[in-house]
1. Accessible area of Glu854, 1.4 Å probe, to the nearest 10 Å²?
2. Roughly to the nearest percent, how much of the accessible area of the range 138-237 is carbon and sulfur, given a 1.4 Å probe?
3. Given Lys45/Lys340; Lys588/Lys851; Lys366/Lys613; Lys217/Lys681; Lys296/Lys495, which pairs have Cα atoms separated by over 31 Å?
4. By what distance, in whole Å, do the Cα atoms of the range 465-580 stretch along each of the three principal axes, largest value first?
5. Can you send over the solvent-accessible area of Ile736, 1.4 Å probe, protein chains only, in Å² to the nearest 10?
6. Once you have the Kirkwood Rh of the range 792-833 from its Cα pairs, apply Stokes-Einstein at 4 °C and 1.567 mPa s and quote D in µm²/s.
7. Ignoring ligands, DNA and RNA, how do Glu686, Glu834, Glu791, Glu620 rank by accessible area with a 1.4 Å probe, largest first?
8. How much of Cys73 can a 1.4 Å solvent probe reach, expressed as accessible area in Å² and rounded to 10?
Amino acid sequence: MRISLNEIKKYVSIPESVSTEDLIKLIGSRLVEVEEAIDLAPKYKNAYIVKVAECEPIEGTHLHRCAIEIGDCEYENSDLSGCGGGAAEPIGAAPATAGGRNHCPTNGDSRSCKVQVVCGAPNVRKGMLAVWLAPGAIVPQTYGNENFKLGVRKLQGYESNGMLAGLDELDLGDDHSGIVEIDPSMDFPGTTRNVQPGDSFADVFELNDIILDIENKSLTHRPDTFGLIGFAREVAGILGINFAEGLVSSKIADMSISGSIFLRENTIGRAPATAGGPTGARDDITQAGDGKISIKIEDAKLCPRYSCAVIEMKDATEKEKYLTPGVVFLAKAGMRTIDKIVDITNILMLQTGQPLHAFDYDKFIKVGNTKSPKVTVRLAKENEELQLLDGKTIKCTTDDILIASNDVPVALAGAMGGASTEIDASTTKIFLESATFSLYNLRKTQMYHGIFSEAITRFTKGQPAGQTVPVLNEAIERLGGELIETADSYPGKQKSEVINLTTHDINSLLGTNYKTSEIVKTLANVGINDTNTAADLSFCVPYWRTDLHIKEDIIEEVGRLNGYDNIPKTLPIRPFIGAKEDEMLKLKKQIRSILSDNLGAHEVLTYTFVNKKLQKLVGEDTKDSYEIINSISPDLQALRQSLTPSLLEKIYLNQKAGYKDFTLYEMNQVTKKSLGFTEDKVPNVEHHLALATTHDYYYAKALLENLAKSLHLNIAVKEFKSGPAYFEPLHSAEIILNGQTIGYLGEIRMGVQSGLKLPLTSAFEINLAFLLDINNHHIAMPRLSKYPSSERDLTLKVPADLAYESLKDAIVNTLDNQDNLIYTITPASIYQKEKSTKNISFKLSFASTKKTLESAEISAIMEEVINSTAAFHASVV
């Protein structure tokens, strides 16, 4: 974003003691980083306003031999030639004085001095005022690149001193159809006289200027600063100067409807009385017509306010005859002149931050087949088509907002108008729109359709609805046509916010000692006024400050505007006590050591956001996900519900890169709507551990068991009854700890593996909160025996539908009831030859803590174990 320092000075009286360098530093430390300060003065050095005194065609060419009056100007070149002295002398009869301030050698009168220039522009003529680039000047279009320096050279045998410049050569536009013409009735800035030959072009058009190139990403939350008025207000606040809303010191330049700069009182950007600011701003629309315009807004969240006007315009697409300050203003901001209507709307957008759009009125009602405008603001239908002004036909998404004429789309709201209502030479009436739209929808529109215009850039910052009417009223005045009809729909109107706090609140948080009067003045300078209620401090938030909601916001403003670097540096008065180690971080550190150092797994860190397509592929319910409104990428749309899908994507990328037989894991937060909210009304989150490996179920299970053993956790796996849809039910299990399901383990479903182009992949995911609860309690060391152990193998024939875990639980319960017995039970095999039955084999190990077990005692234990399985119709094989 480019901001003119000269334009800021029209709103703020910057003290002489504050140099440009100091101001830039203050802006950088208290508002936004200034990436570059661009000095325009050298670019337009040796450029002057001149009068074409004589103009004769050169026979057989398109060129003209001109004598120009250069007045009392200064230039650096010593080769200037071709002065004609007085008007009676032939063109180019005598040489001029070399270099310095120009004086005619014939009669000493600089005002009658003429210089010869050969010009090929078709519009050059006797009597016009033009812009002369004197010998020694660098053509502005080439400045900073090839730096083409002008001199004196012969064209068709005639000496030509410098050149008469066109708009493109002055780097003020793209027009190359002729040289620029200056309005002879234009006032020289700061005087009552008209411009005259010899005046510095840079002085007349305020090009002795510093352009601040702003890094605007840090201003995303401040839509007001995307307009010159809002930015100037902030500069005033930084300097401790009251920004006099609407007073003489805050006049605005109407820079587009003529060659002169007309100053009049600024009513834009002022807070209406309802917003707690100075009174007098026109928040009510200029009334006209009999209410024939119909406005239907389907959802106030999509379009809080829609204001419009019908204006009869003659020569709607007419370009200005003369070079105007408005054209220069646009160029300094990085924009180009188009025509009268577009220029005025663009200038207002740059000044206020509020974009406007003009439709051809007759085309608008023709498209909708109505007698008067019937506006509908709605969401687009999936794949609904619209041809835009740039000639492209787009297919809309359901996130796009459309402006429709009687439900027929005519514009992509906030982004670009439609071709069907384009203004052209036949336009006699315009339908002017001033509205605000959902910044969240427009960010999606911007990214999806690749539209990055100045208008949508401002809309995606959330332009305040309170500004649409004041800017529309200003546009009506500047356009100068006949106002026929106006309308305003404001379904999203909200009550002004009032923030109460105390002086103590501010000082205690900032570590300052500001007086109440200092705080009130600091905030009043930027239009945040104390309402003088019974409360210590009660500030009414102006409509343009959409970022102020809580008292900490106000406190931040006080610190920022006064400068954080001015806050006294003091040591904290609180005692220095070391922070207690976070138990969750401690647990994660343990797990990281076990998985990475002992088990050979690789930790990854993936995005917290995932694509909805991935969620649908793995079977997650996308309606249970929190959608990211301002996502950093169209591929990262929702907060993830689990970690495993992200790991599966990384499995694919790694195996595509040639890696085989590897294991990945991640520990991170997940959330979903069904988890509800905390007391602070923020979504509940869970800390999960997920692991994915290019091996089968048993490999993943072994990793889980090793992890659990290292953490001294007694986990179990049970039949998979319900859980994540990406697990294959027949090859998956629930992970149980102390009778609670803490996660799931299994092979990834074939449909998911196919969709993600994965090899055989298994995974598990657990909620670390359950592990943390166990870790916070005393962990009993396993019992040991000094006596020898005995082993027995047991194979049982059971029904085919009996779960292994059920049979194992029965055996474990029997062994737990034995006195002084230490045991282990390990699965050996599961073998199924017949459909109705299967064989399950265990390896059992026994030891007593009191003595060496005898054979009879072991046999008795085995008998009890076999009897405990009778309920399952088990028989020993």
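1. 120
2. That fraction is 45 percent.
3. Numbers: Lys45/Lys340 29 Å; Lys588/Lys851 41 Å; Lys366/Lys613 41 Å; Lys217/Lys681 28 Å; Lys296/Lys495 22 Å.
Beyond 31 Å between Cα atoms: Lys588/Lys851; Lys366/Lys613.
4. Principal-axis extents of the range 465-580 (Cα, largest first): 71, 33, 28 Å.
5. For Ile736, solvent-accessible area is about 20 Å².
6. The Stokes-Einstein estimate is 109 µm²/s.
7. So, going from the largest accessible area down, we get Glu791, Glu834, Glu686, Glu620.
8. 0
The values are calculated or read from the model by the stated rules, or taken from the named source; none is laboratory data. From a predicted model like this one, the values you see are computed outputs, not experimental measurements. All Cβ positions, even for glycine, are placed from backbone atoms using ideal geometry, and neighbour counts span all protein chains on display. In case anyone asks, the SASA skips ligands and DNA or RNA and just uses the protein heavy atoms, side chains included. Shrake-Rupley method; radii C 1.70, N 1.55, O 1.52, S 1.80 Å.
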